[in-house]
Amino acid sequence: MTPDTVTAGNSPIEAAKTVENLTGVGWAFDASGRWIYLSPALQAALGKTPDELNAWWSEGEVAWKQLLYPDDYERVAGEWRHSIHSGQPFDSEFRIRRRAGYGWVRSSGRAVRDGTGDILGWYGTSIDIDSFRATVDTLHDRELELSQLVDTVPGHLWRLTPEGEPIFFNRRMIDYLGRNVADIESPGLSRLDAMIEMAIHPDDAAEFGSTLNQSLVTGESFFMRYRLRRFDGVYRWMSSRAESMRDRDGRIVQWYGLCHDVNDQVRTEEALKRSEWHLQRLIDALPVNICSWTPEGALSYVSKRFLEQAGLTKTDFAEFAKAALDLIHPDDVEQVRDQAIRCIRSGEAFSMKYRRRGKDGLFRWTDDRFEPLRDADDAIVEWYGLSIDVDDEMRTQQSLRDSEHSLHQLVETLPALIYCLAPDGAPIYRSHKLSEYLGFEIEDKDEIGKHRLDVTLDAIIHPDELAAVKHKYSQSLPTGEPYAMRHRLRRFDGEYRWMETRALAMRNADGDIVQWNGVCIDIDDWLRAQEELRVAQRNLAKASEAASLAELTASIAHEIGQPLAAMVSSSDACQQWLSGDPPNVERAQKALERVVRSANTATEVVGRIRALFKHTPEARRTQALDAVAVEARDLMAEEATRRGVRMECRIEQDLPPLFFDPIQIQQVFVNLIRNALEAMDLAADRGMLQLSVRRDSKRVYTEISDTGPGVEDPEQIFEPFYTTKGQGMGMGLAICRSIVEAHGGRLWVERNDPTGAKFIFDLPVEGQEA
Ligand code: ADP
């Protein structure tokens, strides 16, 4: 120990020597700071004597200036001057140049005073602290390094006492929290509780406290994820771990903790979890079954719905793989297995419909599709599959197929030829029977630039009806009006047969025509039978006409014969009475009276017969003529078609009512039409019959014209029994005229232009009788 001052009687040199005895090094200066002693050891080490050093010295300078490390000079000079002036002890550490080079020394100097307290000089010692300083520097560097490490570690570091009191936060943690450990306090709370209250998210605080406490008590590591409050109030997720540090005796001396920000990770995990949750929900909600298989063919996932449908639970997951094949319908299992194996080997997608058993034990149709997921090297990573219940669809398809089949059967077994046309008339379907009848298929007659309907009709319809058929289609197709037509249809062998064809438009919900459906019914045999029947009927009617005429003639002969015979005999008697001599006038008179009586009787008979032919007006009533005309035309239409005659009918609108017997007038119409048709039989060209009804103020005129040979004598033909036909009776026109005249009208014939005859009859408008 160095005394602060040395009292009078001691010179600085003596004091220095005392110290030199103790420490091996001693030195002394006079009051002004000039060297007065330097121990020999020091002189040797420095390689300088006090005189040599003083030679460099000047007042106010440090006496060992030229030995001092330049960077330390200012500091040391300040301290030395302070001591010189104040007499305060001098204690300083600095680098000094020794022979061996610069080295650290610690120098201590003390003033030596006289009895009055004036400073006589200074003495002191210097200790070599070079190795100490080197150790301190190293330690200092290491500490700096450590503290930098602590502050630059990308995490929060904290230290707790064994009791859990926070005692250190690293820079990052301070910056994050916005306060240092010393600033964490809350009245009545320990620093740990204050920290929990301040920085840990309320939802995590309780768990944080108990987990940390558990570690403090047991010494086990602390680990937890919690939300830590940032200086700006934002909580971020942290993952924290703390370990205890123990002394040699195993006592915990400190806890070190590290926590790092895992907020983004947690958020990503949460987002992942959320999307996984959504995905799971989606999979569960989708009305499909989903599963996946590893490339080796092991089941890796089955959706809940799939398991449920198979009657298995999640715990039976592994069972599912085993059960998968058992669930397949025995008839399908082989096919499914073969295709699955083929796909696993080739990597091709699997797609198949088969029957699978559900939990109710019933088989349902399912549509399975599997596709492989491949990595960047094209290797299969997983097979993903979808299984859709298509049972209802399959059943519907089956029943559709069944009903289509039965409809097809129906179409093919109907005793008719069936066809369908597109809305524009192009044939699109033909029943098998129709194809067979025609001997060609729909497309066979297709010709570029021609409408399919036209080429088809050209090929199948008899030339005589072709124009009419096309005309009818051209009316029906655009309007949707039902199509009906009688025509001859060409059979595959070239023979034509009469058909009754009808087609109706099929419309959609908007009323648009989507198709025409038609049938052809073969009426050839029926028509022939009808014709034969008609001929038979006509023959019968003629026979009965002839028979009744013969009968009538016989009865007329009989009726008139008697009075005629009586007249002859009375005339004879009269002649005899008059040729007597003398003539018996009285008797002759009587005979003549008998002649007159008989003649009257004959006249009466004739009158009665006349009355028989005179048409009685009882059946007459007021009505329009057009209905009768149309009815007559319809009656004769078939016959006209058969004879190849086209009938045209023009009836004026709003005809006035007439008073007539419809049966008799219809008879007139029928008679005139039939005569016209028969007349046209003789003509070379196809005939045309025109029926027209027109009016003027007083009368309604009916004209029936033909394109036959015409009439040579327009009066003769009206005479009874005039006929030019082999089988004719010559009564038709006579009766017609008598009927018309009985109705107050007239019947006559004119020339038709350019050829043929035109029969005209008129009837008075009611109230206008002639
Ligand atoms: P039928 O028809 O039995 O011969 P009608 O009295 O009806 O008896 O006809 C008498 C005759 O008048 C016919 O045989 C025919 O010569 C002639 N005739 C009738 N209508 C026509 C007609 N439209 N064109 C040419 N001649 C006709």
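Values for this structure:
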| item | result |
| --- | --- |
| Solvent exposure, largest accessible area first (probe 1.4 Å, DNA, RNA and ligands not counted), of LYS353, LYS273 | LYS273, LYS353 |
| Most to least packed among 99-112, 70-83 [average Cβ atoms within 10 Å] | 99-112, 70-83 |
| The chain, accessible surface, carbon-and-sulfur percent (1.4 angstrom probe) | 53 percent |
| Amide N proximity, region 349-373 versus HIS329 label position 7 Å along Cα-to-Cβ, cut-off under 12 Å | 353-358, 362-367 |
| Alpha carbon convex hull of region 228-275, volume per residue in cubic angstrom | 91 Å³ |
| Label-zone membership for region 81-97, site ARG106, 7 angstrom Cα→C-beta point, backbone N under 12 Å | 91-94 |
| Probe 1.4 Å, accessible area per residue of the chain, Å² | 58 Å² |
| Rg to Rh, two decimals, where the chain supplies the alpha carbon set and Rh follows Kirkwood | 1.61 |
| Value at 222 nm in deg cm²/dmol, rounded to 500, when DSSP H runs of n ≥ 4 in the chain each add -39,500 (n - 2.57) | -15000 deg cm²/dmol |
| Net length gained if the chain between GLU586 and GLN280 were fully extended (0.36 nm per residue, minus Cα distance) | 95.7 nm |
| Cα→Cβ-extended label distance, 7 Å offset, between ARG246 and THR152, nm | 3.4 nm |
| Accessible-area value, ARG621, 1.4 Å probe, nucleic acids and ligands omitted, Å² | 130 Å² |
| Aspartates and glutamates with Cα under 18 Å of LYS445, excluding same-chain neighbours fewer than 8 positions away | ASP424, GLU436, ASP454, ASP458, ASP493 |
| Residues of type aspartates and glutamates that LYS698 reaches as a straight line, Cα spacing below 17 Å, ignoring anything fewer than 8 places off in the same chain | ASP626, GLU652, ASP654, GLU741, ASP762, GLU766, GLU769 |
| For region 67-164: relative contact order, % (alpha-carbon pairs under 8 angstrom, 6 or more apart) | 17 percent |
| 10 Å beta-carbon shell around ARG488, net charge (K/R +1, D/E -1) | 0 |
| Modelled FRET efficiency - R0 35 Å, ASP626 with VAL606, Cβ distances, 0.05 increments | 0.35 |
| Chain lengthening between GLU197 and HIS140 when straightened (0.36 nm per residue, less Cα-Cα) | 16.8 nm |
| Between 0 and 90°, nearest 10: helix 391-413 axis offset from the chain longest Cα axis | 20 degrees |
| With Cα atoms, 0 to 90° folded angle of helix 662-681 axis to the chain main axis | 90 degrees |
| Inter-label distance for GLU14 and ASP512, nm, one decimal - labels placed 7 Å from Cα along Cα-to-Cβ | 13.9 nm |
| Reciprocal mean inverse distance between Cα atoms of region 327-473 - Kirkwood radius, Å | 20.5 Å |
| Cβ-Cβ FRET estimate between TYR429 and THR723, R0 fixed at 45 Å, reported to 0.05 | 0.25 |
| Rounded tilt (10° steps) of 70-86 against the dominant C-alpha axis of the chain | 50 degrees |
| Contact order normalised by residue count of the chain, Cα under 8 Å, 6+ apart, percent | 4 percent |
| Stretchable slack from ASP464 to GLU296, in nm (0.36 nm times residue separation minus alpha-carbon distance) | 52.7 nm |
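The values are calculated or read from the model by the stated rules, or taken from the named source; none is laboratory data. The shown structure was predicted, so the numbers you read here are calculated from the model rather than taken from an experiment. Cβ sites come from the backbone with ideal geometry, for glycine too, and all protein chains shown count toward neighbours. Only protein heavy atoms, including side chains, enter the accessible area calculation; ligands, DNA and RNA are left aside. Shrake-Rupley method; radii C 1.70, N 1.55, O 1.52, S 1.80 Å.
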